[in-house]
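The values are calculated or read from the model by the stated rules, or taken from the named source; none is laboratory data. Just so you know, these numbers come straight off a predicted model, no measurement behind them. Cβ coordinates were reconstructed from backbone atoms using ideal geometry, including for glycine residues, and neighbour counts include every protein chain displayed. The protein model used for the area step is the full one, side chains on, heavy atoms only, and it has no ligands, DNA or RNA in it. Shrake-Rupley method; radii C 1.70, N 1.55, O 1.52, S 1.80 Å.
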Amino acid sequence: MDNQLRIGTLVSGGSADKVIPQIVGHGFESFNLTFWQTTGNTDLAETARRVRALADEHGFIVPAVSVFGNPLTGAGDNADTLASWERLIDSAHLFGADIVSGFTGRLTGRPIDESIPKFKEVFGELARRAADRGVRIAFENCDMGGTWATGDWNIAHNPTAWEMMFDAVPDDNIGLEWEPCHQMVSLIDPIPQLRKWAGKVFHVHGKDATIAWDVVKEYGIHGPKPFVWHRTPGFGDSNWSDIITILRQNDYKGTIDIEGWHDPVYKGELEMTGQVHALNYLKRCRGGDFVPNPI
């Protein structure tokens with residue numbers, strides 16, 4: 001199965017043991033457990049015990065556990081984000097995971113380059129903590145509405161920022177949690193980017209985008225009309241066969257986990273319909289199920 005490149009989805013870490021039994025029968029092969037800003041009151045050891053029991057029963061894996069907040073400021077609702085990173089790094093092995101992912105954080109309202117010294121301070125230490133435990137750190141490439149000049153959450157949404165980040169913290173166990181969608185919303189072509197950066201991609205989120213080039217050409221990107229939409233794979237513009245080919249050409253051993261709850265059409269009652277379509281679509285793009293060679 002490791003050569004097959006598993007396809008899974010994201011589930012909330014706080015309710016994973018309740019949600020997974022309801023959807024694992026659709027054929028999901030992995031589950032990325034996520035938390036928003038804090039792991040809160042979740043007993044990670046007990047949650048891991050329950051999820052590992054389900055994994056043993058159904059044959060899935062947990063490739064990554066994640067917390068999405070701003071660990072650089074610790075302000076407001078992000079007060080526990082840095083501690084949550086530490087807890088997940090310490091607990092990842094209980095889930096069978098070797099990746100902890102999330103946003104880098106940033107100095108609120110400041111340009112990306114001004115966040116690099118704080119990033120180096122915080123994630124230099126977290127990278128050492130993670131290395132001691134056999135864990136890799138992966139940064140999601142989501143802008144969260146930010147730009148180079150300003151933002152509230154994350155600096156890891158632009159390849160120039162990646163160069164600055166990995167120069168500041170050159171440890172081999174920090175990399176990217178990549179998806180094409182977050183580059184396409186900035187009108188970046190994800191395919192040549194992936195060819196260049198595949199060696200730093202530790203985890204892939206299955207989320208795509210549709211770009212309305214006719215709107216861009218007529219109204220631009222600052223006009224009144226939306227020009228790009230997040231999409232569930234199979235409904236967007238990306239050729240995921242190409243993406244998977246590039247990943248395999250670069251010896252990618254991770255998973256692709258669908259990040260749902262963003263598609264403007266396959267939402268509400270159609271959410272899982274869209275996700276299961278994406279699951280089956282991505283399995284076809286990888287070549288279907290694994291078939292052993294003759295001896």
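Brief remarks follow.
- Cβ-derived FRET efficiency at R0 22 Å, HIS26 paired with GLN4, nearest 0.05: 0.85
- R0 of 51 Å, Cβ-Cβ distance THR147-ASN293: FRET efficiency to nearest 0.05: 0.55
- Solvent-accessible area, 1.4 Å probe, carbon plus sulfur percent, for the chain: 51
- Ranked packing of 150-158, 92-100, 60-68, most packed first, by mean Cβ within 10 Å: 60-68, 150-158, 92-100
- Counting DSSP beta bridges with both ends in the chain, the antiparallel % (nearest 5): 10
- Within the assembled protein chains, the solvent-accessible surface assigned to TRP148 is about 90 Å², based on a 1.4 Å probe.
- On full extension, the segment bounded by ARG133 and GLU57 gains 24.7 nm, given 0.36 nm per residue less the C-alpha separation.
- Mean accessible surface per residue for the chain, computed with a 1.4 Å probe while every protein chain stays in place, in Å²: 44
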